[in-house]
Amino acid sequence: MHQFLPPQANVPKYVLQPWADKVEEESDGRIKVELYGAMSLGGTPPQLIDQAGDGAVDIVWTLPGYSPGRFPRAEVFELPFMMSNAEAGSKAYWDLFESDMKDQDFKDFKILGAWMHGPGVIHAKGDGVHKLEDMQGLKLRGPTRVINNLLSETGATPIGMPVPAIPEALSKNVIDGTVIPYEVTTALKIPELVETHTEFSGDKALYTAVFVLAMNKAKYDSLPDDLKKVIDDNSGAEFSAFAGRTMQEYDKPGRAASEAANNEIVILDEAEVARWKEAAQPVIDNWIAEMNDKGIDGADLYERAQALMEKYTNE
């Protein structure tokens, strides 16, 4: 299993390793999963999905958004102010994956899990972001095409780079800040590299980013039925919800580290958030139009994603 974060980061440690251990245990050691972090098998994070597709590795953890335009339906959950919390969002994402993405966007892979992180936060040097106007001209690292569209629409200059490049880019002033969840900030030393963290009040996060745990299809198909069952028993809706929930749980220590660094935590009030929602609306409208151009009913997908999010949030 190949992925892009250092092994001590939360997802490798608390999501991927437990998954690997469980699969090994339930298969009586017949399936051994070796974890390789920080791109140690070579390549760049955007190449992970093809490493699984080509069979260079068996399983990868990655972001569909690292391949812009290739997994269009998965982008729906990255649209602004879509997500309430990562567990409800991951349940909604898995449902929509089953109905709309499994046999389309991801037909060449065996997807073991599909989840999202907790509320996206703006982490910036200096005074940071206290209101919409403060975004003007800020060089911010964003993870995916949709989120970069959100950054430009709100006035920032989005800079694309893989997660591991963020600390150096901050220390060399290549970027003024980054959007990421608190969960991964400690692994990237963000609390020491920025002074301000901007959160959004209300029941919806500014954004989230979506992930997949993807397996080479031929490798999965080559397993005997009893071993396929072990993989299946540990994959899917429940695992996805667990992964999303775990990521959001680890936002707490990340936020605490920012407080311990005496950084400023700015919480935008509902009136200010309403201004951001208005500024971000074109991101949603443009995405729907792009989907329609691809022959996908964008408005329908967006509405169904929202309805699923609502359903699982209120469970």
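The values are calculated or read from the model by the stated rules, or taken from the named source; none is laboratory data. Quick caveat: nothing in here was measured; it's all calculated off a predicted structure. Reconstructed Cβ throughout: ideal geometry from the backbone, glycine too, with neighbour counts over all protein chains shown.
A few remarks follow.
- Applying the criterion of being without any contact (Cβ under 8 Å) to a residue 24 or more places away in the chain and outside any helix (DSSP H, G or I) to the residues of region 289-315, the residue that is surrounded by the fewest Cβ atoms within 10 Å (Cβ to Cβ) is 295.
- Exclusive hit being within 24 Å of residue 52 (Cβ to Cβ) and touching a helix residue (DSSP H, G or I) at 6+ places or on another chain (Cβ under 8 Å), set 114, 165, 88: 114
Condition check ((1) over 20 Å from the mean Cα position of the chain (by Cα); (2) not charged (D, E, K, R)) across all residues:
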| residue | (1), (2) |
| --- | --- |
| 226 | yes, no |
| 231 | yes, yes |
| 234 | yes, yes |
| 239 | no, yes |
| 243 | no, yes |
| 248 | no, yes |
| 252 | no, no |
| 256 | yes, yes |
| 263 | yes, yes |
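- Residue check, residue 97 at pLDDT 95 or above, under 24 Å from residue 20 (Cα atoms) and in a helix (DSSP H, G or I): yes
- Any chance residue 310 is under 22 Å from the mean Cα position of the chain (by Cα) and among the acidic types (Asp, Glu): yes
- Residue in region 177-212 that is surrounded by the most Cβ atoms within 10 Å (Cβ to Cβ), counting only those that are over 30 Å from residue 307 (Cα atoms) and of a type in the set (S, T, N, Q): 185
- Taken over region 267-287, residues that are touching a Phe, Trp or Tyr at 6+ places or on another chain (Cβ under 6 Å), in a helix (DSSP H, G or I) and not charged (D, E, K, R) amount to 1.
- Residue match in region 245-261 (condition: within 19 Å of residue 110 (Cα to Cα), surrounded by fewer than 14 Cβ atoms within 10 Å (Cβ to Cβ) and touching a residue at least 12 places away in the same chain (Cβ under 8 Å)): no
- Selection count, region 117-148, where residues are touching a residue at least 12 places away in the same chain (Cβ under 8 Å) and part of a helix (DSSP H, G or I): 7
- Of all positions in region 197-216, none carries a residue that is closer than 26 Å to residue 118 by Cβ and in a helix (DSSP H, G or I).
- Selection status of residue 220, of a type in the set (Ser, Thr, Tyr), touching a residue at least 24 places away in the same chain (Cβ under 8 Å) and assigned to a helix (DSSP H, G or I): yes
- The lone exception for residue 165 - which of (1) buried (at least 20 other Cβ atoms within 10 Å of the Cβ); (2) within 21 Å of residue 3 (Cβ to Cβ) it fails: (1)
- Subset of region 80-110 that is surrounded by 24 or more Cβ atoms within 10 Å (Cβ to Cβ) and of a type in the set (A, V, I, L, M) - its residue that is nearest to the chain's Cα centre (by Cα): 86
- Filter pass, residue 55 being surrounded by fewer than 15 Cβ atoms within 10 Å (Cβ to Cβ), under 17 Å from the mean Cα position of the chain (by Cα) and in contact (Cβ under 8 Å) with a residue 24 or more places away in the chain: no
- Tally of residues being in a loop (DSSP other than H, G, I, E, B) and either buried (at least 17 other Cβ atoms within 10 Å of the Cβ) or of a type in the set (D, E, K, R) (or both) across region 7-30: 4
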